[in-house]
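Written below as C-alpha cells is the structure these notes are about.
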C-alpha cells in the first residue's frame, strides 16, 4: 500500500491544541461504538511525566492522525490513542504512525510493546495482526473489559 504523499511526523506535546483536537475526535468515534466504561483514555500529562512520546502525523501542515507510547513496566511500553481522520483512512497512515510509535518505543528502551483495541474495531485488529502483533490475554485496566482485545510485539 502506498503511504499518503507528503506524510510527516513529529513528537509533540499531548496537551497541544492539535493533539487535544485529534484526541477529542477519537473519543467521539469511540463513544459512537462503545459504552463509556469501555473507553480507556489517558491523561496527556502522563506522556511527559512518564517518559513517553506523543506523535502527530501531518500532511501539508494539517494534523491528520496521532498516537502515543507510554511505559507500562521496565522494558515494556503501551501504545495509546491511535487515531487517523476518516478521510485519510486506507492510505497507510495508521501503519506509518504505528511504525513511528514502535521506533519511539525502541528509543525509550522498550523491548516489548503492548496495546489494547476494541472488539468493534476490526480495522484496528487487522492492522495490528498484519503488523506483527500477537493477541495476548487482557491486561491491567482492560482485564475485565469484554470489549477489549490486547496485543503484544517484541521490538528486538
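Bear in mind these aren't lab numbers, they're just calculated from the coordinates by the rules spelled out. All values derive from a computational prediction rather than experimental measurement. Counting neighbours? That spans all protein chains shown, and the Cβs are built from the backbone with ideal geometry, glycine included.
Using DSSP, restrict attention to beta bridges with both residues in the chain and report what percent are antiparallel, rounded to the nearest 5. Could the numbers behind the result be given before it?
On the way: 30 of 34 bridges.
Of those bridges, close to 90 percent are antiparallel.
Relative contact order of the range 7-154: what whole-number percent is it, with Cα pairs under 8 angstrom and at least 6 residues apart? Before the final figure, lay out the partial values.
Values: 247 pairs, mean separation 29.3, N = 148.
Once normalised by length, the contact order is 20 percent.
Sort the following peptides by mean Cβ neighbour count (other Cβ atoms within 10 Å, averaged over residues), highest first: 5-11, 56-62.
Numbers: 5-11: 13.3, 56-62: 15.3.
Put in order of decreasing packing, that is 56-62, 5-11.
With a Förster radius of 30 Å, plug the Cβ-Cβ distance of residue 103 and residue 144 into 1/(1 + (r/R0)^6) and report the FRET value to the nearest 0.05. Mind dumping the intermediate values first?
Details: r = 32 Å, r/R0 = 1.07.
Once the sixth-power term is evaluated, E becomes 0.40.
Based on the mean of other Cβ atoms within 10 Å per residue, sort peptides 97-110, 124-137 so the most packed one is first. Display every interim value, and only then the final one.
Details: 97-110: 19.1, 124-137: 14.4.
Result, highest mean Cβ count within 10 Å first: 97-110, 124-137.
Which parts of the range 72-89 would a label at residue 28 reach, counting a residue when its backbone N lies under 20 Å from a point 7 Å out along Cα-to-Cβ?
81-89
Rounded to the nearest 0.05, what FRET efficiency do residue 123 and residue 51 give with R0 = 25 Å and r taken as the Cβ-Cβ distance? Could you check?
Details: r = 30 Å, r/R0 = 1.20.
Once rounded, the FRET efficiency stands at 0.25.
In nm, what is the difference between 0.36 nm times the number of residues separating residue 156 and residue 130 and their Cα-Cα distance? Write out the running numbers ahead of the final one.
On the way: separation 26, 0.36 × 26 = 9.36 nm, distance 1.76 nm.
That works out to 7.6 nm of additional length.
Let a ≥ b ≥ c be the square roots of the eigenvalues of the Cα gyration tensor of the range 97-153; is it rounded (a/c under 1.5), or, if not, prolate (a/b larger than b/c) or oblate?
Oblate is the answer for the range 97-153, as a/c is 1.5 or above yet b/c matches or exceeds a/b.
Tell me the Rg and the Dmax, in Å, that the Cα atoms of the range 45-156 produce.
Rg then Dmax for the range 45-156, in Å: 13.5, 41.
In deg cm²/dmol, rounded to 500, what helix-only [θ] at 222 nm does the chain give when every DSSP H run of at least 4 residues adds -39500 (n - 2.57) and the total is split over its residues?
Values: 4 runs with 45 residues, N = 156.
It lands at -9000 deg cm²/dmol.
Quick one: check the C-alpha center-to-center distance for the range 38-68 versus the range 79-156, whole angstrom.
13 Å
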